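A.B. asks: Handing you this structure, nothing more for now.
Read the figures in this text as sums done on the coordinates, not as results from a lab. As the structure is a computational prediction, the values presented were derived from the model and not from experiment. Note that we place each Cβ from the backbone using ideal geometry, even for glycine, and neighbour counts take in every protein chain shown.
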Amino acid sequence: QVRLVESGGGLVQPGGSLRLSCGISGSVFRVNTMGWHRQAPGKERELVASITSDGRTNYADSVKGRFTISRDNAKNMVYLQMNSLKPEDTAVYYCNAWIVLHSDRDASNAWGQGTQVTVSS
């Protein structure tokens, strides 16, 4: 069974940095677009950043210039470097990946369990 496992969340002061990591466990045929989403209390889940298998990136306007998404295709890992963090970045962060399990299957969207990021003094 394929699972996404996130790590790297925690408590940080405003202006600080955190790096989130997400790995895929289990056998897959191919990993397409990977991304990070977040959900703050009382709000809907929103896209933070995504990255295609060939490295094209997309960011929410609220994080442009502060967050950087990257991936290691050999390791099936995706990362989110978060700098200049603000209290409004506080949320549970989820990674996702469009995964093809077998060559004759369509891609399906898999999600991690989420990791809490709290920005507070």
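A.B. asks: Counting only other residues whose beta carbon sits under 15 Å from that of Val48, what net charge do I get with K and R as +1, D and E as -1? Don't skip to the answer; put the middle values down first.
C.D. replies: Details: positive: Arg19, Arg38, Lys43, Arg45, Lys64, Arg66, Arg71, Lys86; negative: Glu6, Glu44, Glu46, Asp61, Glu88, Asp89.
Result for the neighbourhood of Val48: +2.
A.B. asks: Name the long-range amide H neighbours of Ser53: under 5 Å, sequence gap of 5 or more, or other chain; modelled H, no Pro or chain starts.
C.D. replies: It is Thr33, by chain and number.
A.B. asks: From the phi of every residue in the range 103-115, what ³J(HN,Hα) in whole Hz does the Karplus formula 6.51 cos²θ - 1.76 cosθ + 1.60 yield, where θ is phi - 60° and glycine or proline is x?
C.D. replies: Karplus-based 3J(HN,Hα) across the range 103-115 equals 4, 9, 10, 7, 6, 10, 8, 10, 10, x, 7, x, 9 Hz.
A.B. asks: What distance in nm separates the two pseudo spin-label positions at Glu88 and Asn109, each 7 Å out from Cα along the beta-carbon direction?
C.D. replies: Here the modelled spin labels are 2.5 nm apart.
A.B. asks: Count neighbours as other Cβ atoms within 10 Å of each site's Cβ, and list the trypsin sites (Lys or Arg not before Pro) in the range 1-90 that are DSSP loop with at most 12 such neighbours. All intermediate terms of the calculation are to be shown ahead of the outcome.
C.D. replies: Details: sites: Arg3, Arg19, Arg30, Arg38, Lys43, Arg45, Arg56, Lys64, Arg66, Arg71, Lys75; in loops: Lys43, Arg45, Arg56, Lys64, Arg66, Lys75.
In loop regions of the range 1-90 (DSSP not H, G, I, E or B), the sparsely surrounded trypsin sites (Lys or Arg not before Pro) are Lys43, Arg56, Lys64, Lys75.
A.B. asks: Residue separation times 0.36 nm, minus the C-alpha to C-alpha distance between His102 and Leu47: what's the value?
C.D. replies: The span from His102 to Leu47 would gain 17.1 nm if fully extended.
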